[in-house]
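For reference, the structure is listed below as structure tokens.
The values are calculated or read from the model by the stated rules, or taken from the named source; none is laboratory data. Source: prediction; values computed, not measured. Counting neighbours? That spans all protein chains shown, and the Cβs are built from the backbone with ideal geometry, glycine included.
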Amino acid sequence: LTPERYPVRRLPFSVVSEDDLATLEQIVPGRVITDPEELEAPNVDWLRTVRGSSKVLLRPRTTQEVAHILRYCHERNLAVNPQGGNTGMVGGSTPVFDEIILSTALMNQVLSFHDVSGVLVCQAGCILEALSQYVEERGFVMPLDLGAKGSCHIGGNVATNAGGLRFLRYGSLRGTVLGLEVVLADGTVLNCLTSLRKDNTGYDLKQLFIGSEGTLGVITAVSILCPPKPSAVNVAFLGCPGFAEVLQTFRTCRAMLGEILSAFEFMDAECMKLVRFHLGLSCPVQESPFYVLVETAGSGPQHDAEKLGHFLEQVLDSGLVTDGTLGSNERRIRMLWALRERITEALSHDGYVYKYDLSLPLDRLYDLVDDLRVRLGPSAKRVVGYGHLGDGNLHLNVTAETFCASLLGALEPYVYEWTAGQWGSVSAEHGLGFKKKDVLGYSKPPEALQLMRQVKALLDPKGILNPYKTLPTHA
Ligand code: FAD
Ligand code: MLT
Ligand code: ZN
């Protein structure tokens, strides 16, 4: 897939030799994978849009093993692709050529949890859902949640600065990650794994690695602040007659639900068709042009239900919402969330997916979807819009039976220019990886790009860490 679609040339890294394999085998005995069948899946991304040709995957268990691997690869000029759960959306997690895949799958130990502060310290390869379960058993929740929770690793989440479904409530990982342990390209272990809430001693180096997509270092452990588990959770799934009403519903929600509002997600009618058609889910409300999922999370079941009741009365009476349903038990909450969370999965059954993840001013958030429906006409199978409305984040997806270069030409650079024209971001939460690296300039000035290159050169002078990712190909 990769070479035909994306013009990219292999950089002059060394090629893994038999001697290299023997040395790596000494570093991680029995955990050097060279079986082509086992290498098939880690060479292809979740969306099945890019494919690498790595011949080696390593499964370290400890930070020292990662350090040893990188020290060796640095000396030998071997390129390395860090990989977590391989659920990334921008082709950052798979090799482009023959980079060695360094998987965190076996680095899955919780190191400590403090049941007063809620600080969790764990290895980078812990699966998000496993961590959620671990902290929930102790009365806390993870500050992030996403549809890929069953596969993604916390290290991958931090490396992509994943946003997700709880961002509205708990904010960015840039705030909730308290410390990181990172192995630098030359094998140096940078231990900034503090659990402190406040620490103004010099530059906050961990921020460099949050969202750096494996290009500046390999994250080996994470210290993260978990909020207390809310004792009352409610979900309302609502139908809205237009996007203007979606926005007004959000405004009303913030005013009336205040501190208990924990998520505000939206999806259009095309998304509902997708999850019905491909996954057999059923729409719990009257068919509408738009749907909104509102979640509240608080500590007083009666208080929260009362507040939500008043809010519903208000939006139904004023015509902002035409129909709605509530969920307060776990099963129904899960069922309502599935309608929103499983859109990505449904899209992947619809054909080739052109995926855009944009930050836009709320007022203009849906205009691009309408505009593209007209612009693309029947050349697109479907044009859909959904996302984290409460965060100003639109997921704009276009599907076609198969990849089509002319459709891509109609989408790009149009979508990026449109977004830049609104002072938006061309990647709100998925990062740039391999597929979006050349559009960084739409959202950042040349001076910022130059400084990013200098940071990369400082931390990884040989460029062995996740080459061909994040930074644009040319200056
Ligand atoms: P991978 O995909 O393996 O890697 C992603 C990037 O991080 C790569 O560049 C890789 O090299 C790097 N990396 C991985 N581990 C490390 C490490 N230990 N050290 C350094 N670099 C590393 N994203 C959102 O932001 N919000 C969502 O709501 C959301 N929902 C999703 C729903 C679905 C169904 C899917 C499939 C994906 C979704 N994503 C979402 C995409 C998201 O980026 C990832 O799911 C997640 O954060 C990536 O974690 P991962 O472990 O799979 O990382
Ligand atoms: C989501 O919010 O569902 C994810 O970011 C994945 C996607 O954009 O499809
Ligand atoms: Zn998202």
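Restricting L451, L458, L440 to residues that are touching a Pro at 6+ places or on another chain (Cβ under 6 Å) and free of Cβ contacts under 8 Å to residues at least 60 places away in the same chain narrows the list to L440. Got at least one residue in the range 70-80 being at negative phi, out of contact with any Asp or Glu (no Cβ under 9 Å at 6 or more places or on another chain) and among the charged types (D, E, K, R)? So far as the range 70-80 goes, no, none of its residues is at negative phi, out of contact with any Asp or Glu (no Cβ under 9 Å at 6 or more places or on another chain) and among the charged types (D, E, K, R).
Look through the range 328-373, keep the residues that are assigned to a loop (DSSP other than H, G, I, E, B) and surrounded by fewer than 22 Cβ atoms within 10 Å (Cβ to Cβ), and return whichever of them is nearest to ligand 2 (Cβ to nearest atom). Result: R342.
Search the range 374-398 for residues being in contact (Cβ under 8 Å) with a residue 40 or more places away in the chain and more than 20 Å from the chain's Cα centre (by Cα), and hand back the single one that is surrounded by the most Cβ atoms within 10 Å (Cβ to Cβ). Ranking the qualifying residues of the range 374-398, first place goes to V383.
Restricting the range 127-171 to residues that are assigned to a loop (DSSP other than H, G, I, E, B) and more than 10 Å from ligand 1 (Cβ to nearest atom) leaves a set whose member that is surrounded by the fewest Cβ atoms within 10 Å (Cβ to Cβ) is E137. Can you spot a residue in the range 109-123 that is more than 14 Å from the chain's Cα centre (by Cα), of a type in the set (F, W, Y) and either within 16 Å of ligand 3 (Cβ to nearest atom) or part of a loop (DSSP other than H, G, I, E, B) (or both)? No, the range 109-123 has no match at all. Residues that are closer than 26 Å to G239 by Cβ, within 16 Å of ligand 3 (Cβ to nearest atom) and modelled with pLDDT of 95 or more occur at least once in the range 407-428. Does L293 satisfy the condition of being out of contact with any His (no Cβ under 6 Å at 6 or more places or on another chain), closer than 23 Å to H388 by Cβ and within 16 Å of ligand 1 (Cβ to nearest atom)? Yes: the conditions hold for L293.
Out of V246, V189, V233, V141, one residue alone is over 30 Å from S282 (Cα atoms) and of a type in the set (A, V, I, L, M). It is V189. Close Cβ contacts (under 8 Å, 6 or more residues apart or on different chains) running from residues in the range 233-250 that are closer than 28 Å to P301 by Cα to residues that are of a type in the set (V, I, T) and in a helix (DSSP H, G or I) comprise V233/I333; N234/I333; V235/I333; L238/T249; L238/V315; C240/V246; C240/T249; T249/V315.
Residue by residue, here is whether (1) among the basic types (K, R); (2) at positive phi; (3) out of contact with any Ser or Thr (no Cβ under 7 Å at 6 or more places or on another chain) holds:
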{"site": "A105", "(1), (2), (3)": "no, no, yes"}
{"site": "D115", "(1), (2), (3)": "no, no, yes"}
{"site": "G118", "(1), (2), (3)": "no, yes, yes"}
{"site": "S132", "(1), (2), (3)": "no, no, yes"}
{"site": "V135", "(1), (2), (3)": "no, no, yes"}
{"site": "F140", "(1), (2), (3)": "no, no, yes"}
{"site": "H153", "(1), (2), (3)": "no, no, no"}
{"site": "T160", "(1), (2), (3)": "no, no, yes"}
{"site": "G164", "(1), (2), (3)": "no, yes, yes"}
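As a summary of the residue check, V374 satisfies the conditions (1) hydrophobic (A, V, I, L, M, F, W, C); (2) within 14 Å of ligand 3 (Cβ to nearest atom); (3) out of contact with any strand residue (DSSP E or B) (no Cβ under 7 Å at 6 or more places or on another chain) except for the one numbered (2). The residues of the range 185-215 that are crowded, with 20+ Cβ neighbours inside 10 Å and more than 18 Å from the chain's Cα centre (by Cα), listed by number, are A185, K206.
Of all the listed residues (V177, V182, V135), the sole one being away from ligand 3 (no atom under 14 Å from the Cβ), touching a Phe, Trp or Tyr at 6+ places or on another chain (Cβ under 6 Å) and farther than 15 Å from D391 by Cβ is V182. Exactly one residue among T23, T34, T62 is closer than 20 Å to L190 by Cβ and modelled with pLDDT of 95 or more, and that residue is T62. The single condition among (1) within 30 Å of T399 (Cβ to Cβ); (2) within 16 Å of ligand 1 (Cβ to nearest atom) that I69 does not satisfy is (1). Within the range 153-167, the set of residues being within 12 Å of ligand 2 (Cβ to nearest atom), among the hydrophobic types (A, V, I, L, M, F, W, C) and in contact with a strand residue (DSSP E or B) (Cβ under 7 Å, 6 or more places away or on another chain) comprises L165, F167.
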